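What follows is calculated from the coordinates using simple rules that are stated; it is not laboratory data. Note that the structure is a prediction, hence the values are computed from the model and not measured. Counting neighbours? That spans all protein chains shown, and the Cβs are built from the backbone with ideal geometry, glycine included.
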Amino acid sequence: MKTLSASVFSPQLVRQLRNYGKLMRLDKPIGIWLLLWPTLWALWLAGDGTPDQGLFVIFVIGVVVMRSAGCVLNDYADRNIDPYVERTRMRPIASGAVAPMEALTLFAALALIAIGLATMLNTPARLLAVIGAILTVAYPFVKRFLSIPQFVLGAAFGWSVPMAFAAQTGSTPELAWLVFGTTMIWAVIYDTFYAMVDREDDRKVGVKSTAILFGEVDLFVIAGLQALMLVALVLVGVRAALGFWYYLSVVVAAGLMVWHQWLARDRQPAGCFAAFLHNHLIGMVVFIGIVLHYTFNSPVG
């Protein structure tokens with residue numbers, strides 16, 4: 001028994017499992033939060049404040065699985081780039097801790113789990129899941145050819161919104177696409193902050209990004225996108241007939257956006273990265289506003 005335990009839990013195996021976890025970014029859950037909040041917005045709006053419990057579990061697990069799969073594929077695609085970027089040179093594939101073939105095998109396993117989750121959804125949601133999978137696979141490669149890969153990331157991160165509406169209601173109404181558009185704008189905002197951290201390294205290795213595209217007017221363009229997102233959030237509130245608590249959350253979100261601009265004001269990597277990391281608070285605040293609206297405005301009896 002001791003020999004079996006030593007074999008199963010050998011230091012080498014534990015170390016490699018940790019490397020797989022790092023490859024999936026399980027040690028850095030910010031991406032999970034950024035993907036999860038819009039998904040929860042959609043589930044609560046589609047379910048009028050009471051989403052199906054089974055769908056809630058499926059989508060939360062799906063968020064973790066798809067984000068992990070996307071990270072694995074991204075690092076595989078960037079395996080010849082990451083060693084030359086300061087922030088990414090110690091990632092598992094770039095450092096040699098995980099072999100490229102191991103990464104592909106892990107991606108395939110995560111993809112199978114995602115497929116299994118998708119089979120539990122209705123037909124409209126399953127069809128949308130196919131498009132979501134295509135977006136997830138496409139994103140790691142488009143930054144070599146497009147100057148706006150953040151828009152593709154936004155589409156990938158926001159695709160859970162129409163999926164949630166389809167799974168909950170069997171359709172994707174105008175509100176679903178309005179929330180999707182809001183999520184897409186938000187992703188461009190926070191991922192531009194993220195890209196500003198690596199801007200100089202990305203120029204050297206030939207990776208394209210909105211941070212490079214926007215150049216010296218980056219913060220000005222981000223401010224414009226933030227204003228556009230706030231307008232979109234207001235339109236979501238009008239379309240979904242949301243009340244005081246929701247609009248209060250939008251006001252708080254606006255304050256957070258001002259704070260993020262201040263954090264990145266000098267365009268220093270640390271400040272830009274902090275602005276990126278704290279963006280998930282916007283998603284959390286908006287979700288709290290939606291929940292409070294349905295909590296205090298639910299029909300009596």
Note on the chain: helices (DSSP H) long enough, at least 30 Å by alpha carbon along their axis, and hydrophobic enough, mean Kyte-Doolittle at least 0.5, are 53-77, 174-197, 218-239
Semi-axes of region 157-216 from the Cα gyration tensor (sqrt of 5 times each eigenvalue, largest first, whole Å) come to 33, 10, 7
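Can you order the peptides 45-51, 154-160, 241-247 by their average number of other Cβ atoms within 10 Å per residue, highest first? Could the numbers behind the result be given before it?
Numbers: 45-51: 18.6, 154-160: 25.1, 241-247: 16.3.
Ranked from most to least packed, the peptides come out as 154-160, 45-51, 241-247.
Taking 0.36 nm per residue of sequence separation and subtracting the Cα-Cα distance, how much length would be gained by fully extending the chain between PHE244 and GLN53, in nm to one decimal? Don't jump to the answer; show the numbers that get you there.
Details: separation 191, 0.36 × 191 = 68.76 nm, distance 2.62 nm.
The span from PHE244 to GLN53 would gain 66.1 nm if fully extended.
Diagonalise the Cα gyration tensor of the chain and give the resulting equivalent ellipsoid semi-axes, square root of 5 times each eigenvalue, largest first, whole Å.
On the way: eigenvalues 205, 140, 58 Å².
In descending order the semi-axes read 32, 26, 17 Å.
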Could I have the simple spin-label model distance between THR123 and VAL258, label points 7 Å from Cα toward Cβ, reported in nm to one decimal? 5.1
For region 2-103, I need the span (max minus min coordinate) of the C-alpha atoms along each principal axis, in Å, sorted largest to smallest. 50, 44, 19
On each of the three principal axes the extent of the alpha-carbon atoms of region 67-144, given in whole Å and largest first, is 44, 24, 17
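Rank the residues ILE134, ILE282, ILE113 as a footprinting-exposure proxy: fewest other Cβ atoms within 10 Å of their Cβ go first.
ILE134, ILE113, ILE282
Could you work out [θ]222 nm for the chain from helices alone, using -39500 (n - 2.57) per DSSP H run of at least four and dividing by all its residues? Round to the nearest 500 deg cm²/dmol. List each step's numbers first, then the result.
Working: 16 runs with 229 residues, N = 301.
Result for the chain: -24500 deg cm²/dmol, rounded to the nearest 500.
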Expressed in angstrom and rounded, the centroid-to-centroid distance over alpha carbons for region 69-91 and region 116-169 is 22
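Sort 194-202, 270-278 by the packing proxy (mean of other Cβ within 10 Å over each peptide's residues), most packed first. The partial results should precede the final answer.
Numbers: 194-202: 21.1, 270-278: 19.3.
Answer by packing, highest mean first, reads 194-202, 270-278.
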Taking only the Cα positions of region 207-301, the convex hull volume per residue in Å³ is 105
I'd like to compare 283-296, 114-127: which one has the highest average count of other Cβ atoms within 10 Å, and what's the full order after that? 283-296, 114-127
